[in-house]
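Worksheet for the structure shown next.
The values are calculated or read from the model by the stated rules, or taken from the named source; none is laboratory data. Model, not experiment: these values are computed from the prediction. Counting neighbours? That spans all protein chains shown, and the Cβs are built from the backbone with ideal geometry, glycine included. Side chains included, ligands, DNA and RNA excluded: accessible areas come from the protein's heavy atoms. Shrake-Rupley method; radii C 1.70, N 1.55, O 1.52, S 1.80 Å.
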Amino acid sequence: MAKDLISRLNEGPVICAERYLFELERRGYLSADAYVPEVVLEHPEVVSQLHRDFVHARSDVVEAFTYFSHHENLRQFRKEEILKKMNREALRIAKEFARETGTLLAGNICNTNAYIEGDADSAKFVRTMFDEQIGWAIDAGVDFIIAETFEFSGEAMIALEAIK
């Protein structure tokens, strides 16, 4: 039986390779300044290869490439209709490779650029986005969720509560 995150941490460090966005940009598959993570739909084989490269480099975790795959980011680019498909495809690609290699599978949520410190309405909106992405990750069977790149501690706390 595969070991879970806590069991692995009890044995020592767990390495998680990251920077999918920048590596895919470097390889010419997306632009970070007008970033929509459509690469999981347009070039799933490239995302799968990046997972393979990171595991080859000794990553213990395959992280689904769902960074900035939330309503607020896609709304800005008028691409909300692909949100669910994009998240589920990123999770499917990561899960397939994680199970093949015996690595951990991580979901991912990040800053939303919609959070306004002290504003209850923005906090509710952000929580709804996190809940949606985490729900898809749970459906995919992730081992844990990574939350990253928060500018505001309040938004990070909302992410933590949603993950819990």
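Sort out which residues of the stretch 1-33 are open to solvent by less than 70 Å² (accessible area, probe 1.4 Å) and farther than 19 Å from A57 by Cβ, and write them in order of number.
L5, S7, G28, L30, S31, A32
How many of the residues in the stretch 63-81 are in contact with an Asp or Glu (Cβ under 8 Å, 6 or more places away or on another chain) and modelled with pLDDT of 95 or more?
Number of matching residues: 1.
Taking A17 and the conditions (1) in a helix (DSSP H, G or I); (2) under 14 Å from the mean Cα position of the chain (by Cα), which numbered condition does it fall short on, given that it satisfies the others?
(1)
For the stretch 72-92, indicate whether the set of residues that are of a type in the set (F, W, Y) and open to solvent by 60 Å² or more (accessible area, probe 1.4 Å) is non-empty.
There is at least one residue in the stretch 72-92 that is of a type in the set (F, W, Y) and open to solvent by 60 Å² or more (accessible area, probe 1.4 Å).
Would you be able to say whether some residue in the stretch 107-127 is aliphatic (A, V, I, L, M), part of a helix (DSSP H, G or I) and crowded, with 17+ Cβ neighbours inside 10 Å?
yes
Suppose we keep only residues that are open to solvent by 70 Å² or more (accessible area, probe 1.4 Å) and outside any loop (DSSP other than H, G, I, E, B) within the stretch 132-154. Which one would you say is farthest from H70 (Cα to Cα)?
Only one residue fits best here, namely S153.
Determine the pairs where a residue that is within 20 Å of L50 (Cα to Cα) and part of a helix (DSSP H, G or I), located within the stretch 70-95, has a partner that is of a type in the set (G, A, S) and at pLDDT below 90 with Cβ atoms under 7 Å apart, the partner being 6 or more residues away or on another chain.
M86/S69; N87/S69; A90/S69
Looking for whichever is farther than 19 Å from E148 by Cβ, open to solvent by less than 50 Å² (accessible area, probe 1.4 Å) and in contact with a Phe, Trp or Tyr (Cβ under 9 Å, 6 or more places away or on another chain) here; the options are V55, V40, V36. Which one fits?
V55
If Q49 passes every condition in (1) at pLDDT below 95; (2) farther than 19 Å from M129 by Cβ; (3) surrounded by fewer than 16 Cβ atoms within 10 Å (Cβ to Cβ) but one, which one does it miss?
Among (1) at pLDDT below 95; (2) farther than 19 Å from M129 by Cβ; (3) surrounded by fewer than 16 Cβ atoms within 10 Å (Cβ to Cβ), the lone unmet condition for Q49 is (1).
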